[in-house]
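The values are calculated or read from the model by the stated rules, or taken from the named source; none is laboratory data. All values derive from a computational prediction rather than experimental measurement. For neighbour counting, all protein chains shown are included, and Cβ atoms are generated from backbone atoms with ideal geometry for every residue, glycine included. Note: areas computed on protein heavy atoms with side chains; ligands, DNA, RNA excluded. Shrake-Rupley method; radii C 1.70, N 1.55, O 1.52, S 1.80 Å.
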Amino acid sequence: MKNLRNLIASTAIVFALGTPAFAQDAPAVQDIVNKASATAYYQGQDGKAKVHMEIKDEQGRTRSREFTILRTDVGDVDNGDQKFYVLFDLPADVKGTAFMVWKHMEADDDRWLYLPALDLVKRIAASDERTSFVGSHFFYEDVSGRGPAEDTHELVEVTDDYYIIDSTPKNTGAVEFSKFRNYIHKESFIPVKTEYFDAQGNIYRTYTAQAVDVIEGHPTVTKSEMTDTNMGGSTTLTYETVEYDVGLPDDVFSERYLRTPPRRYMR
């Protein structure tokens, strides 16, 4: 019995020495990441927002776009499958362009883009998910979010306000970054800054949440920016109206509505 007590005591010391002091009182890192993902992408059973996008190139020239985004959670499960629908209203040359995502946790996402000028529905390959979304500094994957299980996470620091977490991709061949660092607000679990590192360890891409409001009881990012030193310039997204629990029917997120937008839900 004495040997067993000694073994338990020794094991406890080993674990204590192996865990950084700042992390001993923090939640498990996967729990932090899961909660941050749920806060950023899964609040309410569904939702809609009017969005203003401003793209600034490396020479300071700007272009604007206006679109509406609809989202529903399959089975109302946090960090589960989701469906997204995006319809562009402005400018005139992209009016009627529609983008749809079926986000899967256990498989590659399905993505479609409808181009009204060509009356063409185009499937977007899974390998294109980390390419520019309609010419902006946001990627297709940024629109629907990255699955928490796609990376290995490490809690590297805890400050008075933030959990700072490094995430390393499990499938390095599918992405262009070597890791990303998230600053997650401890009270709201909103990811307020994300820095992407290249293979040389340099930050080349940075997301920041510039405004957060509580809408229908949910902390919500209402303005965000992505900068990219490789592309040059930045893109700002401003969410002008946000609604949760709209009651969106599932058939809104089907290919036939790419050509005929569900106007009732876009107002």
With a 1.4 angstrom probe the carbon and sulfur portion of accessible area for the range 196-267, in percent, totals 47 percent
Counting every Cα pair in the range 29-259, what percent are over 23 Å apart? 49 percent
Please get the size of the charge dipole for the range 29-259, origin at its Cα centre, with Cβ charges of +1 on Lys and Arg and -1 on Asp and Glu, quoted in debye to the nearest 20. 660 debye
Given H placed 1.01 Å from N in the peptide plane, which residues other than close sequence neighbours of Val156 have an amide H under 5 Å from its amide H? Ile164, Ile165, Asp166
Long-range Cα-Cα pairs in the range 111-215 (distance over 20 Å), rounded percent: 48 percent
Rolling a 1.4 Å sphere over the protein heavy atoms, what is the accessible area per residue of the chain, to the nearest Å²? 52 Å²
Determine the sum of side-chain charges near Ala49: Lys and Arg each +1, Asp and Glu each -1, restricted to other residues whose C-beta is under 10 angstrom from that of Ala49. +1
Could you work out the Rg to Rh ratio of the range 72-131, with Rh taken as the Kirkwood radius (inverse of the mean 1/r over all Cα pairs)? 1.04
Name the long-range amide H neighbours of Lys122: under 5 Å, sequence gap of 5 or more, or other chain; modelled H, no Pro or chain starts. Leu113, Tyr114, Leu115
